[in-house]
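Comments concern the structure below.
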Amino acid sequence: MENHLLYICVVFVLAGMVKGVTGMGLPTVAMALLGLVMPPLQAAAILVVPSLLTNVWQMLERRGLYAQWLRLRPMLAGVCAGTLVGGAFLAKGDGRAVLGAALLLYALLGLSSWRWQVRAAQEPWLGPLVGAATGVLTAVTGVFVLPAVPYLQALGLEKEELVQAMGLSFTVSTLALAVMLAGHGAWQPAEAGISFLAQLPALVGLALGTRLRARLEPQVFRRCFFITLLLLGGHLSLANW
């Protein structure tokens, strides 16, 4: 892994920049790029600390966290349960083909005009199902976005509420992933050390992305982001299927 140290630093600068501009995307970009040179399980172990740090910051940036927690508890409970269940699939292969397929699906959804709407009456039963599915994919691929992000976007939250809700969801997903990895002996000292080191380039990228946000056209950046994920997902799927 030491041979990839410079590559890992560059990856987290880029991933931090994406999060700084869009408010999301650090785990997705990091897993997509790290997945080119290592199995998702190893990449996920490196992701834990920088993902947790940046998402806690995003979660605490505004007031109203307790209200978000009360509303999203069913989904978050599903995330924890699904992540633990998904850990059973760790021995089924290195997961790069599944990661590639998840990135492809996320990119296609992002590039499409499809919009999901969830009614308040559906949340008590749909939230746990979405959370469980997100947890399983988190365990297998290290990516937290599907189907959690489309679900959160479908709740009709205001912009800042949505950013905080994603921060809360990603924080819980990261903690559940860390517990699952530790339980399977995947968070070894080498991965833990590099994970702590990776928070520095991630924060540098986050600061750069925050400054770039005012200069970039959000829709153009968003389209380029999803096109890049589409290409990376296609490469991972074809190379590892």
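The values are calculated or read from the model by the stated rules, or taken from the named source; none is laboratory data. Remember, it's a predicted structure, so these values are computed and weren't measured experimentally. Cβ coordinates were reconstructed from backbone atoms using ideal geometry, including for glycine residues, and neighbour counts include every protein chain displayed. The area values use the complete protein model at the heavy-atom level, side chains included, leaving out ligands, DNA and RNA. Shrake-Rupley method; radii C 1.70, N 1.55, O 1.52, S 1.80 Å.
For the chain, adding -39500 (n - 2.57) for each run of n ≥ 4 DSSP H residues and dividing by the number of residues yields -25500 deg cm²/dmol at 222 nm.
When only alpha carbons are used to place a centre, region 179-241 and region 104-122 end up 22 Å from one another. Between Leu65, Leu33, Leu99, the residue with the greatest mean-square fluctuation in the GNM of the chain (Cα pairs under 10 Å linked by springs) is Leu65. Does region 134-241 come out rounded, prolate or oblate by the C-alpha gyration tensor, with a ≥ b ≥ c the root eigenvalues, rounded set by a/c under 1.5 and, if not, prolate when a/b is larger than b/c and oblate if not? Rounded, because the longest to shortest axis ratio a/c is under 1.5. Relative to the Cα centre, the charge distribution of region 50-180, modelled as +1 at Lys and Arg Cβ and -1 at Asp and Glu Cβ, gives a dipole magnitude of about 120 debye.
Measuring r between the beta carbons of Val85 and Val37 and using R0 = 30 Å, the FRET efficiency lands at 0.60.
Using a 1.4 Å probe on the protein chains only, how many percent of the accessible area of the chain belongs to carbon and sulfur? The value for the chain is 67 percent carbon and sulfur by accessible area. Looking at the chain as a GNM with Cα springs under 10 Å, which of Ala121, Ala190, Ala44 has the largest mean-square fluctuation? Highest fluctuation of the listed residues: Ala121. Loop-located trypsin sites (Lys or Arg not before Pro) in region 1-82 (DSSP state not H, G, I, E or B) with no more than 15 neighbouring Cβ atoms inside 10 Å: Arg62, Arg63. Label separation (Ala120 vs Arg62): 1.9 nm, computed from points 7 Å beyond Cα along the C-beta direction.
Rounded to the nearest 20 debye, the dipole size of region 10-117 about its Cα centre is 320 debye, using +1 on the Cβ of Lys and Arg and -1 on the Cβ of Asp and Glu.
Computed from point charges on the beta carbon alone (+1 for Lys and Arg, -1 for Asp and Glu), the dipole magnitude for the chain about its Cα centre is near 500 Debye. In a DSSP loop and with at most 13 other Cβ atoms within 10 Å, the trypsin sites (Lys or Arg not before Pro) in region 94-132 are Arg115, Arg119. Identify, among Pro150, Leu103, Leu36, the residue whose Cα sits farthest towards the positive end of the charge dipole of the chain, taking +1 on the Cβ of Lys and Arg and -1 on the Cβ of Asp and Glu, with the dipole about the Cα centre. Value computed over the given set: Pro150.
The loop-placed chymotrypsin sites (Phe, Trp or Tyr not before Pro) in region 101-149, going by DSSP, that have at most 12 neighbouring Cβ atoms within 10 Å of their Cβ come out as Trp114, Trp116. Using the Cβ-Cβ distance between Leu5 and Leu129 with R0 = 51 Å, the FRET efficiency computed as 1/(1 + (r/R0)^6) comes to roughly 0.80.
Think of a 1.4 Å ball rolled over the protein heavy atoms: the chain then has 47 Å² of accessible area per residue.
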